[in-house]
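A.B. asks: Handing you a structure now.
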Amino acid sequence: MPKIFIDAGHGGKDSGATNGNIFEKDIALKIALKLNEILKSRGFQTQLSRTTDVFVELNERAKKANNFASDIFVSIHLNSAANADASGIETLIYSYVGQNQKLGDDIQNALIAATNAKNRGVK
């Protein structure tokens, strides 16, 4: 089974997108912890970039993922934009070929099915 590194985007001093008292960093962490729980229950080896509200530099996140020898790197973000046309879900992958393409499509399709959000596609 592939080893999966889960990055809860932002954290600590970096709140990410905000809406009043709602912070991207908090939602991303909740999603990452739940995803970790689900994957572990299905037998996957996982590691998280953070499990609490701390700031982790981008290079440290990459270093942790590489040291874990992860096969898959998932970074969770919930972006915000003033333009309503920018709403929806998109999945970004390293390259759109072979297993990467299938994984990207599977993730995107599952997210759209679960949320009924606008499908911004796999990029």
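The values are calculated or read from the model by the stated rules, or taken from the named source; none is laboratory data. Bear in mind the structure is a predicted one, so any value in this text is a computation, not a measurement. Cβ: placed from backbone, ideal geometry, glycine included. Neighbour counts: every protein chain shown. Quick note on the areas: whole protein, heavy atoms, side chains included, nothing else; ligands and nucleic acids left out. Shrake-Rupley method; radii C 1.70, N 1.55, O 1.52, S 1.80 Å.
A.B. asks: Would you grab the residues whose amide H sits under 5 Å from the one on residue 91? Only those 5+ places off in sequence or on another chain, please, with H modelled 1.01 Å from N.
C.D. replies: For residue 91, whose amide H was placed from the backbone, the distant partners under 5 Å are 121, 122, 123.
A.B. asks: Let me ask something else. Percent of accessible area on the chain owned by carbon and sulfur, 1.4 Å probe?
C.D. replies: Result for the chain: 53 percent of the exposed heavy-atom area is carbon or sulfur.
A.B. asks: Further question on the same structure: What are the equivalent ellipsoid semi-axes of the chain, built from the alpha-carbon gyration tensor (square roots of five times its eigenvalues), in whole angstrom, biggest first? Provide the component values of the computation, followed by the final result.
C.D. replies: Values: eigenvalues 96, 84, 36 Å².
For the chain, the semi-axes come out at 22, 20, 13 Å.
A.B. asks: Once R0 is set to 25 Å, what does the formula 1/(1 + (r/R0)^6) return for the Cβ-Cβ distance between residue 117 and residue 18, expressed as a FRET efficiency to the nearest 0.05?
C.D. replies: Working: r = 20 Å, r/R0 = 0.79.
Once the sixth-power term is evaluated, E becomes 0.80.
A.B. asks: Let me check I've understood the local charge: for residue 39, count other residues with C-beta under 13 angstrom from its C-beta, Lys and Arg +1, Asp and Glu -1. What total comes out?
C.D. replies: On the way: positive: 3, 34, 40, 42; negative: 37, 71.
Summing Lys and Arg as +1 and Asp and Glu as -1 gives +2.
A.B. asks: For the chain, what is the accessible area per residue in Å² when the probe is 1.4 Å?
C.D. replies: Numbers: 8010 Å² over 123 residues.
It amounts to 65 Å² per residue over the chain.
A.B. asks: In the structure shown, do any of 34/64; 13/102; 34/102 have a Cα-Cα gap over 31 Å, and if so which? Can you show the working numbers first?
C.D. replies: Numbers: 34/64 20 Å; 13/102 35 Å; 34/102 23 Å.
Pairs exceeding the cut-off: 13/102.
A.B. asks: Would you mind computing Rg(Cα) / (2.2 N^0.38 Å) for the range 51-123, counting N as its residues?
C.D. replies: On the way: Rg = 14.5 Å, N = 73, 2.2 N^0.38 = 11.2 Å.
Cα Rg divided by the expected 2.2 N^0.38 Å: 1.29.
A.B. asks: Please give me the summed charge of the neighbours of residue 112: other residues whose Cβ is under 14 Å from its Cβ, Lys and Arg +1, Asp and Glu -1.
C.D. replies: After counting each charged neighbour, the total is -1.
A.B. asks: Taking the Cα centre of the chain as origin, work out the dipole magnitude from +1 charges on Lys and Arg Cβ and -1 charges on Asp and Glu Cβ, in debye rounded to 20.
C.D. replies: Values: 15 positive and 13 negative charges, 50 e Å.
Around 240 debye, computed over the chain.
A.B. asks: Using the charge dipole of the chain (Lys, Arg: +1 at Cβ; Asp, Glu: -1 at Cβ; taken about the Cα centre), state which of 122, 33, 67 has its Cα farthest towards the positive end.
C.D. replies: Selected residue: 67.
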